[in-house]
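One structure is given here, and the rest of the page talks about it.
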Amino acid sequence: MKIRITDRGIYGLAASDENPTGEYPIGHEIDLGKNDPPAGWSGRYQEVGGKAPKDAQIVTNPVDDSAERGTESKDQSDQPRRPRPASN
């Protein structure tokens with residue numbers, strides 16, 4: 001089982017000058033192997049990875065919404081660009 005720390009209070013790292021308490025930073029991922037997390041960690045981590053549910057579907061965006069995002073679409077990028085006016 002692989003988990004991601006989402007809250008403070010998970011300890012177990014070796015103490016160092018940068019981390020004297022040995023607390024895992026939020027966002028750190030830990031691979032527990034086949035073990036379950038300790039009960040005291042409840043609510044302080046998310047399970048990551050694993051198998052997708054049988055009814056999971058891949059979601060894609062077939063619509064070109066680049067104009068809404070302010071980026072050029074592929075059709076416009078092939079157009080020649082106007083030269084920059086000369087500065088005096």
Inset, instruction - Show the residue pairs that are 6+ apart or on different chains and have beta-carbon atoms under 6 Å apart, the first residue being within region 27-54 and free of Cβ contacts under 8 Å to residues at least 40 places away in the same chain and part of a strand (DSSP E or B), the second being surrounded by 10 or more Cβ atoms within 10 Å (Cβ to Cβ) and not basic (K, R). - result: I30/I3
Legend entry - Test result for A67, in a loop (DSSP other than H, G, I, E, B), modelled with pLDDT under 85 and not β-branched (V, I, T): no
Inset, instruction - Determine whether Q76 is at pLDDT 75 or above, surrounded by 10 or more Cβ atoms within 10 Å (Cβ to Cβ) and not in a loop (DSSP other than H, G, I, E, B). - result: no
Legend entry - P38 being modelled with pLDDT of 90 or more and not small (G, A, S): yes
Legend entry - Residue check, G22 at pLDDT 90 or above and surrounded by 10 or more Cβ atoms within 10 Å (Cβ to Cβ): yes
Legend entry - Condition met for G49 (at positive phi and either modelled with pLDDT of 90 or more or not β-branched (V, I, T) (or both)): yes
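The values are calculated or read from the model by the stated rules, or taken from the named source; none is laboratory data. Please read all numbers here as calculations on a predicted model, not as lab measurements. Cβ: placed from backbone, ideal geometry, glycine included. Neighbour counts: every protein chain shown.
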